[in-house]
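Computed from the coordinates by the stated procedures, all read-outs in this text should not be read as laboratory data. Predicted model, so just to flag it, every value in this text is computed and none were measured. Here Cβ is always computed from backbone atoms with ideal geometry, including for glycine, and neighbour counts include all displayed protein chains.
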Amino acid sequence: MAEDNAEVKESEEQMLKWARAYAKKHGFVLNPDEKQVENVIKGLVRIKAKFGRSYCPCRIRTGDEEKDRKIECPCAYHEDEITKQGHCHCNLYFKPEKT
């Protein structure tokens, strides 16, 4: 069981590293609320382990793999949501604050 926990923790760390790199590359930032980021990352890892893809944990899968690709993180909707709301639906990616 401890080995499983270590694997999950490593997967979460890798997913977080990926999310940070994606945000930086695309001019976003991660949510400053670390607990929210942790929850989303855990959800992404659980979903990827179960379904083989990192579907957004705040969206409902249809079961149709082709349709569900739109909700694979980063989902097809995140850029529009960030532009309009300042963050994506699951509150992982945010528009950076202007300084």
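Using +1 on the beta carbon of Lys and Arg, -1 on that of Asp and Glu, and nothing else charged, what's the dipole of the chain about the Cα centre, debye to 20?
Using Cβ point charges on Lys, Arg, Asp and Glu, the chain gives about 300 debye.
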* Asked: How far, in nm, would the chain grow between E79 and K42 when pulled straight, counting 0.36 nm per residue and subtracting the alpha carbon separation?
  -> 11.1 nm
* Asked: So what is the calculated 222 nm ellipticity per residue for the chain, using -39500 (n - 2.57) for each DSSP H run with n of 4 or more, over all residues, to the nearest 500 deg cm²/dmol?
  -> -18000 deg cm²/dmol
* Under a no-solvent Debye model with one identical scatterer per Cα of the chain, what's log10 I(q)/I(0) at q = 0.13, 0.19 Å⁻¹? -> -0.45, -0.92
* Excluding I41 itself, calculate the net charge of residues whose Cβ lies under 14 Å from the Cβ of I41, where each Lys or Arg counts +1 and each Asp or Glu counts -1. => +1
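Can you tell me the relative contact order of the range 2-94? Whole percent, Cα pairs under 8 Å, sequence separation 6 or more.
Values: 92 pairs, mean separation 23.5, N = 93.
Reported relative contact order: 25 percent.
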* Asked: Considering the dipole of the range 2-94 built from charges on the beta carbon (Lys and Arg +1, Asp and Glu -1) around the Cα centre, which of A19, C90, Y77 is farthest to its positive end?
  -> Y77
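Count the net charge of all other residues whose Cβ sits under 12 Å from the Cβ of C73, scoring Lys and Arg as +1 and Asp and Glu as -1. Each step should come with its number before you reach the end.
Working: positive: K48, R53, R59, R69, K70; negative: D68, E72.
Value of the local net charge: +3.
Among the GluC sites (Glu not before Pro) within the range 5-99, which fall in a DSSP loop and have no more than 10 other Cβ atoms within 10 Å of their own Cβ?
E97
For K95, what is the net charge nearby, where nearby means another residue's Cβ is under 11 Å from its Cβ and Lys, Arg count +1, Asp, Glu -1? Kindly include the intermediate steps, with their values, before the conclusion.
Values: positive: K84, K98; negative: E79, E81, E97.
Value of the local net charge: -1.
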